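Peer 1: Take a look at this one; I'll ask things after.
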């Protein structure tokens, strides 16, 4: 982008959309804009952004002027209001400002570890401990559970000592009643069939 400043009419000629070839700006578009004598650096940047349709959040502008020296041409940078005022005070019919547009490098946001399980560690399966070892049952000799959660208990060696399924699941039978008067089982002293004879003998 090339910007021309004329001291007499105070016109700003903006050339944008071109490219640099050595110290020559080639191609692009041209826009004439009237500016005030007390032009500041911020005003110049905003004016160039409006004309060239430059997004300040995504691009950066670099302003330079073209100077002829004994060794050749140079590009002094314009970075503040002092540089702009010196450029405006030069005894030239046409003052030039070269603007280079460059895209900003957008970096990803800094990494912040989320709370919870680190993603580098895999989730444990149903039969795993926290240390990664699987549980083995001592009854059925299978992995994935322990003896407390075993659904296939090992059959007993001696049938007479092995309790039946009904007795294991049912409650313990109650002890039969025994009468304190007659000594027989099946009833208590209140329901004894012979309360009178027993009480009469005593």
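Peer 1: Which whole-percent values make up P(r) of region 27-82 when all C-alpha to C-alpha distances are grouped in 5 Å steps starting at zero?
Peer 2: 4, 14, 21, 23, 21, 10, 5, 1
Peer 1: Quick one: divide the alpha-carbon radius of gyration of region 57-108 by 2.2 N^0.38 Å and tell me what you get. Don't jump to the answer; show the numbers that get you there.
Peer 2: Details: Rg = 14.0 Å, N = 52, 2.2 N^0.38 = 9.9 Å.
Scaled against compact globular proteins, the figure is 1.42.
Peer 1: Counting only Cα, what are the radius of gyration and maximum Cα-Cα distance Dmax of region 2-103, in Å?
Peer 2: Every Cα atom of region 2-103 included, Rg and Dmax give 13.0, 39 Å.
Read-outs throughout are calculated quantities, based only on the coordinates presented, and are distinct from any laboratory measurement. Fair warning: this is a prediction, and the values are worked out from it, not measured in the lab.
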